[in-house]
Structures are given as C-alpha cells and as structure tokens.
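The values are calculated or read from the model by the stated rules, or taken from the named source; none is laboratory data. Just so it is clear, the structure is predicted and the values come from calculations on it, not from any experiment. Quick reminder, even Gly has a Cβ in these numbers, built from the backbone with ideal geometry, and neighbours come from all protein chains shown.
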Amino acid sequence: MVVRPARPGDVDILVALVRELAAYEREPESARLEPAQLHAALFTSAPSVFAHVAEIDREVVGMAIWFVTFSTWTGRHGLHLEDLYVRPGARGRGAGRALVARLARTALDAGWTRVEWSVLDWNEPALRFYRSIGSRPMDGWTVHRLDGSTLATLAASDDPGR
C-alpha cells in the first residue's frame, strides 16, 4: 500500500473516483467535475484543494480530496476532508485507513488542530469505518448549504452600494 500526494497524471482517475463516489451516494448527476477544473484547483501555484491517492500494486484504488480550514475558536487551521473513496474491490485492505492516517499526519505536521468531514446518515459502512478509527460525530450540528437559485437570489439581495 502506497499513499502519496496526487500528481497531474492522476487527474483523470481522481475525476473517475469522484463520479463513482457520487453514484454510490445516489447522486451521479451531481458530479459535474471536469478534469481541467480539478487540475486547475490542485496544480496551481497557490492551490485551494489537495488530494492524496492510495495505490495497491501501482494501481490507484482510492483517494482523499481535502482543503484547509480555520477555526476561530482555536485560532488554528484544520483540514476538511471533502471526499474519501476507495473502490469496492479494494475495500477491507487498509486503503481508507491509510488515507485518513496520512491526513492526520499532514494536519499534525502542519500544527493544525483537527480533521473534519461530513458523512451521509444512511451510509452505515462509512459510519462504522469512521467509528473504527476513533472519530466522533458532532451531534447537534447540521450541515446547511446555499446553491443554485437560492444562492443567486441571496447574492442578488446584496447591495454593494450600501
């Protein structure tokens, strides 16, 4: 098992894995990511997103895509895991744990205080996995999102001339 930072040559497989994850999460139509978009986000002089891949026998079987956060409560940065996915045929071989362990190492080495992510309530295999590595749910918190027309409507209400 090898876990390493993603390289430009990994972009197509990363996009494929994102689409597989979206299908698993019952929203295949929501994954509109294109290779050029991911390449531009990952491999710029000041990236806003990062990725690691897990390889077994030199084949990429999993990924972790993440970004840096900041906690005003701790005054320190953290890491938000946007997507963690391991192909079904590679599950149970330690790729998911190795990816999250690398992110934990990345956070600690940088002096960051936390690694956080969201998981769907119905995804019991993921919930079991996350509990097995010692994570705890943040009860009392609900993720909220603005997108599409609601995002545009709220933005339109902002009067920059005020």
>> Could you check the stretch 111-160 and list, in sequence order, the residues that are part of a loop (DSSP other than H, G, I, E, B), among the charged types (D, E, K, R) and either in contact with a Gly (Cβ under 8 Å, 6 or more places away or on another chain) or in contact (Cβ under 8 Å) with a residue 12 or more places away in the chain (or both)?
In response: Arg114
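Can Arg136 be described as modelled with pLDDT of 95 or more, surrounded by fewer than 18 Cβ atoms within 10 Å (Cβ to Cβ) and more than 19 Å from Ala16 (Cβ to Cβ)? Working first, answer last.
Details: modelled with pLDDT of 95 or more: no; surrounded by fewer than 18 Cβ atoms within 10 Å (Cβ to Cβ): yes; more than 19 Å from Ala16 (Cβ to Cβ): yes.
So Arg136 fails the test.
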>> Which numbered condition in (1) in contact with a strand residue (DSSP E or B) (Cβ under 9 Å, 6 or more places away or on another chain); (2) closer than 27 Å to Gly111 by Cα is the only one that Arg91 fails?
In response: (2)
> Can you name every residue in the stretch 1-46 that is out of contact with any Leu (no Cβ under 7 Å at 6 or more places or on another chain), under 19 Å from Arg58 (Cα atoms), part of a helix (DSSP H, G or I) and free of Cβ contacts under 8 Å to residues at least 40 places away in the same chain?
Replying inline: Pro8, Gly9, Asp12, Ala16
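One line per residue, one yes/no per condition, for (1) surrounded by fewer than 22 Cβ atoms within 10 Å (Cβ to Cβ); (2) of a type in the set (Ser, Thr, Tyr); (3) without any contact (Cβ under 8 Å) to a residue 40 or more places away in the chain:
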position	(1), (2), (3)
His80	yes, no, yes
Val86	no, no, yes
Gly89	yes, no, yes
Ala95	no, no, no
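So, of the residues in the stretch 72-88 that are outside any strand (DSSP E or B) and within 14 Å of Leu21 (Cα to Cα), which turns out to be farthest from the chain's Cα centre (by Cα)?
Pro88
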> Looking only at residues in the stretch 18-71 that are surrounded by 13 or more Cβ atoms within 10 Å (Cβ to Cβ) and hydroxyl-bearing (Ser, Thr, Tyr), which one is nearest to Asp121 (Cα to Cα)?
Replying inline: Tyr24
> Any residue in the stretch 45-55 that is among the hydroxyl-bearing types (Ser, Thr, Tyr) and under 25 Å from Trp112 (Cβ atoms)?
Replying inline: yes
> Within the stretch 57-71, how many residues are out of contact with any helix residue (DSSP H, G or I) (no Cβ under 6 Å at 6 or more places or on another chain), over 24 Å from Glu116 (Cβ atoms) and either in a strand (DSSP E or B) or basic (Lys, Arg) (or both)?
Replying inline: 2
